[in-house]
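The structure appears below as structure tokens.
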Protein chains: 4
Amino acid sequence: MSRESERIKEGDKILLFWDQRRQWLLDVEEERQFHTHKGVVKLVDAIGKRYGDTIESSLGLFFLILRPTTYDLLGHVARPTQIMYPKDIGLVLLKLGLSSGKVVIEAGTGSGAMTLAMANAVKPDGHVYSYEIRSIFRDSAKRTLRRAGLDEYVTLEHHDAKEGFIQNEVDAALIDLGEPWAVIPQAWKALRGGAPICSFSPTMNQVERTVVSMRGRFANIQCLECFIREIRAEEGKMRPATVMTGHTGYLTFANKIYPSSEDQVSADHAETFNQGYASNLRL
Amino acid sequence: MSRESERIKEGDKILLFWDQRRQWLLDVEEERQFHTHKGVVKLVDAIGKRYGDTIESSLGLFFLILRPTTYDLLGHVARPTQIMYPKDIGLVLLKLGLSSGKVVIEAGTGSGAMTLAMANAVKPDGHVYSYEIRSIFRDSAKRTLRRAGLDEYVTLEHHDAKEGFIQNEVDAALIDLGEPWAVIPQAWKALRGGAPICSFSPTMNQVERTVVSMRGRFANIQCLECFIREIRAEEGKMRPATVMTGHTGYLTFANKIYPSSEDQVSADHAETFNQGYASNLRL
Amino acid sequence: MSRESERIKEGDKILLFWDQRRQWLLDVEEERQFHTHKGVVKLVDAIGKRYGDTIESSLGLFFLILRPTTYDLLGHVARPTQIMYPKDIGLVLLKLGLSSGKVVIEAGTGSGAMTLAMANAVKPDGHVYSYEIRSIFRDSAKRTLRRAGLDEYVTLEHHDAKEGFIQNEVDAALIDLGEPWAVIPQAWKALRGGAPICSFSPTMNQVERTVVSMRGRFANIQCLECFIREIRAEEGKMRPATVMTGHTGYLTFANKIYPSSEDQVSADHAETFNQGYASNLRL
Amino acid sequence: MSRESERIKEGDKILLFWDQRRQWLLDVEEERQFHTHKGVVKLVDAIGKRYGDTIESSLGLFFLILRPTTYDLLGHVARPTQIMYPKDIGLVLLKLGLSSGKVVIEAGTGSGAMTLAMANAVKPDGHVYSYEIRSIFRDSAKRTLRRAGLDEYVTLEHHDAKEGFIQNEVDAALIDLGEPWAVIPQAWKALRGGAPICSFSPTMNQVERTVVSMRGRFANIQCLECFIREIRAEEGKMRPATVMTGHTGYLTFANKIYPSSEDQVSADHAETFNQGYASNLRL
């Protein structure tokens, strides 16, 4: 298979890269000049170059032109609310089984980082219905999605999820709210039987209440936390980074069941039926 | 939006679930009987039920019928080689920017778990070209992909990646081999400029050699390890699980650059240009 | 400084070592024979040897004779109750400031592992007063301490700590009970002003109640969890172990203050006065 | 047992505590005034108070007077070299079996933090011989030890450990140098048979070389890394801290054996004899 080598043109997005602390997501516009600590970069100079080429600043220093992925877009999303980091997002997309064609509900939209990641995962044949009552966040998310070219895959609902989701028989649900237990019953109604839900909460207290609200409605409850550490990879001096993220939040996954399922399960079995007592080493 | 409530029929896949230690991925076939420690389950009894319903065994005990996701398929893939777990797979899919339409190369196929996850991510408009010289693994992967209905999105190449990839200008590359450094130059040729690569290795020594082989060809090198821990969520007794996975492997990410880019970079800048010295707390 | 090379004699303790999974703490007795999967070892053969020498079994295979430390004794203590592992014990001894001359109270004795470690830390001039109402544990601890030659530094009190500690002005307190909050006020009375307390609890719920019970009595509250992972150190194949301990319990440390101290602190200051909001990277 | 309630007097050390970020180790001197962001504190005001009382600043704000432990002294030690944190120090003291009467060698002294902790552990009947060729560090350590009242338990040797330790038949050895392998043979000579050694190194490369240098001289090699995370314990909002230490260094432990021991061990057995292949879940 042979594909054309892409040349950068007006309107394209680039990641102007100095190092991992200093990199910027920019739209290539002929008239635009971007000021950095290492000189001024004229975006017009990027036109006709390839991703992976360098671009020279007014001080004669060279920046890399990299290709932005959705992951980079996530890093550039404003984060006003409960924060899911990429380490959490990747795991959630996988465990919720999101792929093209899937329909997923989300409450709330918050920063829109997760909305963006889910839209990217379910396109072109799927859809995300994301609920957010605070217009400032909804507007910000709308801009983020448009910028990423993913807005056609998302419907931003201006409803309070506590009053119910409009959709039904959806393939998955993501809850990122301060009081998830308040929408668990509503999410249950909106999901297809057996479909997965994920709730993200920073505190153990929130997780505890969420799990209690799942009784009789959800089974196979699994609560996880994900850590990530960077390794400083230098020849002859391989060692981990000295600082790492300690915590973002807990991820609680479960599958919708029917109440009659709960009735049919004996007390003993119900214990393991609903929650993970096994120490799962295949995560 | 209103969708039909799905009823299970012959040929569907179900996840027959007792608890998190005992769950089985099965095809619903009228004639089939499945023997468990809790009795015999006749698959014909699942026909007409909904996902989320229960099914009764010959001993009068109830199992849940859950809906399998690709994540579950990953768990049921034979794992003969270097093992990437779901915790790693989710992060890799996200950082490689895989979504519908992307073209990705992989060496080697190994168990096919990653191949399956990537195929699921790039469908319906993308493609995975996966290289594997050992026919036993290639055949096993073929069966796995067919079972998952994803084989049309994958081409299993019977070539040694060390001799070069057939494709060019691909969007991403995944290397999961004992000696990644041997294929780094070949992966470079096959990638689009600026595009990301990921190499998975269990030992620090492998990572060290891989990073050395990336000089002049790749920048923005970031090496990560991902940990996951389960929380036993019981009301009044919230605590983490007593055992957790200690290690699977290190994930080394980087972006293709052009050699001329390397020449233009001063010695000092090259250090941070190529590798992450910053302790990244936004992972 | 020159010291005599020690030769093993009757009555000495040795660590008969095959590998890290198979090692045994034994008393050298002339008549004794020890049966292993690799043959029978006659303990009389150890007499006259040095620690670090080998000893031959009946099958002609060689075991190492290592020198047991208190750490090894800890590993061989029966563990019936809430379990503090060496990773926790070392940190606690350090943070409680235990050294020769210190006087410490403990409730409950439990397995006696912590009692032993603390006795070893405060000898020869200090003392441990350990409270345990269950005689089976008290008797077991007494044997453990005698075996370790540390019983003279420990008084095993047959009282319910909830009814008060006999001692006062002690240098430190360790609480390892299912309901620590019930003895926090009693521990407060027994401690010197400013002295440290440590409470060990497996669940977050227990920690939460403990911290609430500390209000007005303790400040500088710091709650920690400690993880340890083994690295498999093989030349050319350096990598972490695949499994690790996920959790033992949370360690809550604090210092005794006087109630009048609490009154004098304004509301705002009290928040940070009492609890660690800083992310402490000097742990 | 009844002890007197201690009153603070001239010459005592106090920990003047605002919160966990702002606390100072001070000597109580009548003439001294200590300036803080919350006003000036006159140390004379501490005389006659109890530890756990408050002291008022010139701005009418209250500080706590806490009792400093060796742990606090560690936090206030200048840290110019390879850094062992309290989380590492506690584990090392325990695994090296240090208690009153033990004799331990150390190379190098570095900041003196570990020297101080070890002196505190082996007093009153033991001793620390610490080797440091850089006089600036030796002088700094001398001051630290004197300040802590532990100097009588330490001899600071002005020798290069690579040329040999003066002592022999010591109970334990601690190596904290950039090239540990250079002193491993010397440490072997100085240790009693079967006695433990610990080497602290930040990079995997250092650990690898150290382990190779241990062949034939040491067995039961165990390499560990220790993580610690703070839990923010607020009623109703229990959650871990958002940032944590990612890495300090790896701790490699082993026991001295005699070369003849090595000869007698078969090839197969040697593998497990020398290194920890077991995933040890009792750490």
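Read-outs throughout are calculated quantities, based only on the coordinates presented, and are distinct from any laboratory measurement. Bear in mind that the values here come from a model prediction, so they are computed numbers and not experimental data. Every residue, glycine among them, receives a Cβ derived from its backbone with ideal geometry; neighbour counts consider all protein chains shown.
Numbers at a glance
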read-out	value
Peptide A:88-98 - average C-beta neighbours from other chains (10 Å radius)	6
Under-5 Å amide H pairs with A:LEU191, H placed in peptide plane, nonlocal only	A:GLU169, A:VAL170
Top of D:ASP45, D:ASP72, D:ASP160 by mean-square fluctuation, Gaussian network on chain D, Cα under 10 Å	D:ASP45
Residue-wise HN-Hα coupling along segment C:234-245, computed from phi with Karplus coefficients 6.51, -1.76, 1.60 (Hz; x: Gly, Pro)	10, 4, x, 9, 7, 7, x, 5, 7, 10, 8, 5
Segment B:15-162: radius of gyration over Cα atoms, expressed as a fraction of 2.2 N^0.38 Å	1.19
Per-residue average of Cβ from other chains inside 10 Å of C:249-258	4
Farthest positive-ward along segment B:41-178 dipole, Cα basis, beta-carbon charges - from B:ALA141, B:GLY164, B:ALA107	B:ALA141
At 7 Å out from Cα toward Cβ: A:ILE136 inter-copy label distances (nm, ascending)	5.1, 6.0, 6.2
Environment charge of B:VAL122, counting only residues whose C-beta is closer than 14 Å and scoring Lys/Arg +1, Asp/Glu -1	-3
Counted charge near D:VAL44, where neighbours are those whose Cβ lies closer than 12 Å (Asp, Glu -1; Lys, Arg +1)	-1
Simple label model, 7 Å out from Cα along Cβ direction - C:ARG215 to D:SER58, nm	3.5
Inter-part distance where segment C:214-230 and segment D:38-64 are each reduced to a Cα centre, Å	26
Peptides D:178-187, D:95-104 ordered by average Cβ neighbours within 10 Å, highest first	D:95-104, D:178-187
Highest-first arrangement of B:147-153, A:241-247, A:27-33, where packing means the average Cβ count within 10 Å	A:241-247, B:147-153, A:27-33
Inter-chain Cβ neighbour average for residues D:163-175, partner chain, 10 Å	2
Segment A:6-62: radius of gyration over Cα atoms, expressed as a fraction of 2.2 N^0.38 Å	1.02
All Cα pairs of the protein assembly as shown, percent lying beyond 57 Å	19
Share antiparallel - DSSP beta bridges, chain C, percent rounded to 5	60
Pair A:ARG7, A:ILE133: separation of 7 Å Cα→Cβ label points (nm)	5.4
Alpha carbon convex hull of chain B, volume per residue in cubic angstrom	184
For B:THR36, distant residues with modelled amide H under 5 Å away	B:VAL41
Inter-copy label distances at A:HIS158 (7 Å, Cα→Cβ; nm, one decimal)	6.1, 7.6, 8.1
Among D:ILE133, D:ILE65, D:ILE47: highest mean-square fluctuation, GNM of chain D, C-alpha pairs under 10 Å	D:ILE47
Residue among C:ILE221, C:ILE136, C:ILE197 with the largest mean-square fluctuation in a Gaussian network model of chain C, springs linking Cα atoms under 10 Å	C:ILE136
Ellipticity estimate at 222 nm from DSSP helix runs (n ≥ 4, -39,500 (n - 2.57)) divided over chain D, nearest 500	-7000 deg cm²/dmol
Antiparallel content of DSSP bridges confined to the protein assembly as shown, in %, to 5	65
For the axis carrying chain C to chain A: nearest C-beta residue of C, whole Å	C:MET204, 2
Charge dipole magnitude, Cβ of K and R +1, D and E -1 - segment A:80-236, Cα centre, debye nearest 20	160
